[in-house]
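S.K.: For reference, the structure I am asking about is given below.
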């Protein structure tokens, strides 16, 4: 079990993501590149001890079923090319290590923002000559989770550059803007109220490091965009489509904000 | 000119028709007057029913107040701790003060996390099924105010 999983909630309630953000900037500007701000606590640290234990044990984590399924798909030829993922990428343990920790990312050729799901579908259409998987379908969840699993414990490392800045700014604006009939911003819950009880849930910092995650309420594995749709629904706001530009931009903002948090896919969540 | 007037009229009457059918159409909010930090008069002169108010605060699709507040209600194990506890609220606040906080707490505290329950303007990306409607109707606001006014223990 990683250190992050054992972090406790106490003393964290006043942690402000924005403050952490500016700290990083300040330190970098001052010189020493080694010192960074403290990463945000993972959602795992808000789970009960027994759920944390269940998550970190491969034998009891229900999300591991999708990892096995993804490993199978990785090696299975598909599409007109007759190629499998492994044909091009070989052993995922080597070729995919750290990849998930660097997504979402702008695709150079088109300038499009891609998360892992979209990147997988791009390989399917352009390399395998296969149909793209439907968002939230089992094979896409399985492959996404399998690839993310190769980054287990790796710190999220997504940078803003000229190509991604506009997407990042859009995501950031969405995060801080009040929305929905209940007029709440993401930041109100996931910064100001993190650690507090919202009915039976303890609000976390809204870090996407565990996705696709097995959510007990869903009784299945689900993507980050499915979770974001729940948050939008909770404040009676418009739910954007899976893979929509809105949620992709938010995903990028969340990843930059979660710099240094270790990947924990497949996490267990309430 | 005549045609324009006729077009307008039919637009208005078709809106009225939809309303008569009980469909969800943009609902005009009743006017209210703020005095200090209170709305002393009941919305539309309606009288509230505390029993109904209690159902509304429990209903997840209406007030869903327990998500953020604790209420002196047994058999409700999971109650939120975002806003202040509601027991004794009637000792701290008058009915008029409670009414303004229900209508739109942000008029008192612009940064509040408490949703505005009787407001339709200045909200972004409202889900289509809630668009143009306040979270609670005038009657529901009065019912909730009546219920909160009983919490003086």
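The values are calculated or read from the model by the stated rules, or taken from the named source; none is laboratory data. Predicted, not measured: the structure shown is a model, and the values here were computed from it. Here the Cβ positions follow ideal geometry from the backbone for every residue, glycine too, while neighbour counts run over all protein chains shown.
S.K.: Can you name the number of the only condition in (1) at pLDDT below 50; (2) in a loop (DSSP other than H, G, I, E, B); (3) closer than 26 Å to residue A:187 by Cβ that residue A:32 fails?
M.R.: (3)
S.K.: Which numbered condition trips up residue A:125, out of (1) part of a helix (DSSP H, G or I); (2) within 14 Å of another protein chain (Cβ to nearest Cβ)?
M.R.: (2)
S.K.: If you scan the stretch A:63-116, which residues turn out to be within 20 Å of the chain's Cα centre (by Cα) and farther than 14 Å from residue A:149 by Cα?
M.R.: Answer for the stretch A:63-116, where residues must be within 20 Å of the chain's Cα centre (by Cα) and farther than 14 Å from residue A:149 by Cα: A:104, A:105, A:106, A:107, A:112, A:113, A:114, A:115.
S.K.: Listed residues A:226, A:239; which is out of contact with any strand residue (DSSP E or B) (no Cβ under 6 Å at 6 or more places or on another chain) and more than 15 Å from residue B:125 (Cβ to Cβ)? Walk me through it before giving the result.
M.R.: Numbers: A:239 fails: more than 15 Å from residue B:125 (Cβ to Cβ).
The match here is A:226.
S.K.: OK, next. Output yes when any residue across the stretch A:140-154 is under 25 Å from residue A:40 (Cα atoms), more than 14 Å from every other protein chain (Cβ to nearest Cβ), part of a strand (DSSP E or B) and under 15 Å from the mean Cα position of the chain (by Cα), and no when none is.
M.R.: The answer is yes, given that some residue of the stretch A:140-154 is under 25 Å from residue A:40 (Cα atoms), more than 14 Å from every other protein chain (Cβ to nearest Cβ), part of a strand (DSSP E or B) and under 15 Å from the mean Cα position of the chain (by Cα).
S.K.: Also, I was wondering about something else. Give the stretch A:192-203 a look and list any residue that's surrounded by fewer than 22 Cβ atoms within 10 Å (Cβ to Cβ) and either more than 8 Å from chain B (Cβ to nearest Cβ) or outside any helix (DSSP H, G or I) (or both), or say none.
M.R.: Of all residues in the stretch A:192-203, those surrounded by fewer than 22 Cβ atoms within 10 Å (Cβ to Cβ) come to A:192-193, A:195-203.
Residues satisfying the conditions are A:193, A:195, A:196, A:197, A:198, A:199, A:200, A:201, A:202, A:203.
S.K.: Test residue B:110 against the stated conditions and say whether it is more than 8 Å from chain A (Cβ to nearest Cβ) and either more than 19 Å from residue B:46 (Cα to Cα) or free of Cβ contacts under 8 Å to residues at least 40 places away in the same chain (or both). Can you show your working first?
M.R.: Values: more than 8 Å from chain A (Cβ to nearest Cβ): yes; either more than 19 Å from residue B:46 (Cα to Cα) or free of Cβ contacts under 8 Å to residues at least 40 places away in the same chain (or both): yes.
When the stated conditions are applied, residue B:110 passes them.
S.K.: I'd like the full set of residues that are away from every other protein chain (no Cβ under 14 Å), free of Cβ contacts under 8 Å to residues at least 12 places away in the same chain and in a loop (DSSP other than H, G, I, E, B), limited to the stretch A:213-241.
M.R.: Keep residues of the stretch A:213-241 that are away from every other protein chain (no Cβ under 14 Å), which gives A:213-216, A:218-227.
Going one step further and asking which of them are free of Cβ contacts under 8 Å to residues at least 12 places away in the same chain, we end up with A:218-220.
Of everything in the stretch A:213-241, those that are away from every other protein chain (no Cβ under 14 Å), free of Cβ contacts under 8 Å to residues at least 12 places away in the same chain and in a loop (DSSP other than H, G, I, E, B) turn out to be A:218, A:219.
For every residue, the table says whether it meets (1) more than 14 Å from chain A (Cβ to nearest Cβ); (2) modelled with pLDDT of 95 or more; (3) buried (at least 20 other Cβ atoms within 10 Å of the Cβ).
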{"site": "B:85", "(1), (2), (3)": "no, yes, no"}
{"site": "B:90", "(1), (2), (3)": "yes, yes, no"}
{"site": "B:96", "(1), (2), (3)": "yes, yes, no"}
{"site": "B:128", "(1), (2), (3)": "no, yes, no"}
{"site": "B:135", "(1), (2), (3)": "no, yes, yes"}
{"site": "B:143", "(1), (2), (3)": "yes, yes, yes"}
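S.K.: Look at the stretch A:104-120 and say how many of its residues are buried (at least 23 other Cβ atoms within 10 Å of the Cβ) and assigned to a loop (DSSP other than H, G, I, E, B). Break it down into steps so the answer makes sense when it comes.
M.R.: Let us first name the residues in the stretch A:104-120 that are buried (at least 23 other Cβ atoms within 10 Å of the Cβ), namely A:104, A:113, A:115-117.
Next, only the ones that are assigned to a loop (DSSP other than H, G, I, E, B) stay: A:104, A:115.
Number of matching residues: 2.
S.K.: Tell me whether the stretch A:183-190 contains one or more residues that are closer than 28 Å to residue A:63 by Cα and part of a loop (DSSP other than H, G, I, E, B). Please lay out each step first, then the result.
M.R.: First, pick out the residues of the stretch A:183-190 that are closer than 28 Å to residue A:63 by Cα: A:186, A:189-190.
If we keep only those that are part of a loop (DSSP other than H, G, I, E, B) as well, we get none.
Checking the stretch A:183-190: not a single residue is closer than 28 Å to residue A:63 by Cα and part of a loop (DSSP other than H, G, I, E, B).
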